[in-house]
Amino acid sequence: MRIEGSAALVAGGASGLGEATVRRLHERGATVTIADVNEERGQALAQELGQDAGFVKADVTSEDEVSAAVDAAVASAEDGLRISVSCAGVGWAEKVAGKRGPHQLVPNEPLDDGERGVCLNTASIAAFDGQIGQIAYSASKGGVVGMTLPAARDLAAGGIRVATIAPGLFDTPLLAALPQEQRDALGAQVPFPARLGLAGEYAALAEHLVENRMINGEVIRLDGALRMPPR
């Protein structure tokens, strides 16, 4: 999938991994719609990026708000939405392709090789190495992992690829509230590089997944070989 000239929707795009992905795709020439519940940060990012960037306030637990964000992204480019990246903590409630019609990318006109778009999701290594007290979190991320292959198979006939990134410990706003000593201690658990991951490293992988057409139905750990201990 060619990034330049394509329309992209990034859910959770106002901060952290999503913001880094927005910046990366925009630098590569995509028209990016930022969907996030944080209107202040989302608007500020869109204004900073300027042309070919827009913001839509959207809570991914609201079907109506997600639909509005998708509509805005579709309208932002002549050939519709091609790149969908979900960095929000909760995925939107919608079948891949249900009775009410196709979801997101299916209506696109196919490109030269039949590809219509790419859907990237975000899980966590907690899906595999859940710690004590992470039952709900691990289960939710495990659901994202578990849907990746069947979603790719469901959408293969439509020329849409699906892949998931499972990050380890990353330097995001979620960890920003911790004291630096704790942040350093967390980073030291990573075999190599012994530090917290950078949002730009997530964005770089997302960029590669968009462009590499043979990556489909795959979950990729991005964790510096970290395997989380029980606690």
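Write out, first by first residue and then by second, each pair whose Cβ atoms fall under 7 Å of each other, whose residues are 6+ apart or on separate chains, and whose first residue, in region 166-195, is surrounded by 12 or more Cβ atoms within 10 Å (Cβ to Cβ) while the second is basic (Lys, Arg) and assigned to a helix (DSSP H, G or I).
Partner pairs satisfying both residue conditions: Leu175/Arg183.
Taking Ala177 as the residue in question, decide whether it is over 18 Å from Gly117 (Cβ atoms) and modelled with pLDDT under 95.
On the way: over 18 Å from Gly117 (Cβ atoms): yes; modelled with pLDDT under 95: yes.
Judged against the criteria, Ala177 is a match.
If you check Gly42, Gly54, which single one turns out to be of a type outside the set (Asp, Glu), within 19 Å of Ala20 (Cα to Cα) and without any contact (Cβ under 8 Å) to a residue 24 or more places away in the chain?
Selected residue: Gly54, the only one of Gly42, Gly54 that is of a type outside the set (Asp, Glu), within 19 Å of Ala20 (Cα to Cα) and without any contact (Cβ under 8 Å) to a residue 24 or more places away in the chain.
From the list Thr33, Thr21, Thr61, pick out the single residue that is within 16 Å of the chain's Cα centre (by Cα) and at pLDDT below 95. Spell out how you get there, then give the answer.
Details: Thr33 fails: at pLDDT below 95; Thr21 fails: at pLDDT below 95.
Criteria check complete, one pass: Thr61.
Please find, among Ala127, Ala72, Ala136, the residue that is aliphatic (A, V, I, L, M), surrounded by 20 or more Cβ atoms within 10 Å (Cβ to Cβ) and at pLDDT 90 or above.
Step by step, each of Ala127, Ala72, Ala136 is checked, and only Ala127 is aliphatic (A, V, I, L, M), surrounded by 20 or more Cβ atoms within 10 Å (Cβ to Cβ) and at pLDDT 90 or above.
Consider only pairs whose beta carbons are under 9 Å apart and that are at least six residues apart or on different chains; among these, list those whose first residue lies in region 133-154 and is assigned to a loop (DSSP other than H, G, I, E, B) and whose second residue is surrounded by 13 or more Cβ atoms within 10 Å (Cβ to Cβ) and small (Gly, Ala, Ser).
Gln134/Ala126
Tally up the residues in region 21-39 that are farther than 13 Å from Ala88 by Cβ and in contact (Cβ under 8 Å) with a residue 24 or more places away in the chain, please.
10
I'm checking my understanding of the structure. Among residues of region 108-124 that are part of a loop (DSSP other than H, G, I, E, B) and touching a strand residue (DSSP E or B) at 6+ places or on another chain (Cβ under 8 Å), which one is modelled with the lowest pLDDT?
So the first thing to find is which residues in region 108-124 are part of a loop (DSSP other than H, G, I, E, B), and the list is 108-116, 123-124.
Retained after the next criterion (residues that are touching a strand residue (DSSP E or B) at 6+ places or on another chain (Cβ under 8 Å)): 108, 115-116, 123-124.
Working: Asn108: 82, Glu115: 90, Arg116: 92, Ala123: 97, Ser124: 96.
It comes out as Asn108.
The values are calculated or read from the model by the stated rules, or taken from the named source; none is laboratory data. Keep in mind that what you see is a predicted model, and the values were worked out from it rather than measured. We place every Cβ from the backbone using ideal geometry, glycine too, and count neighbours over all the protein chains shown.
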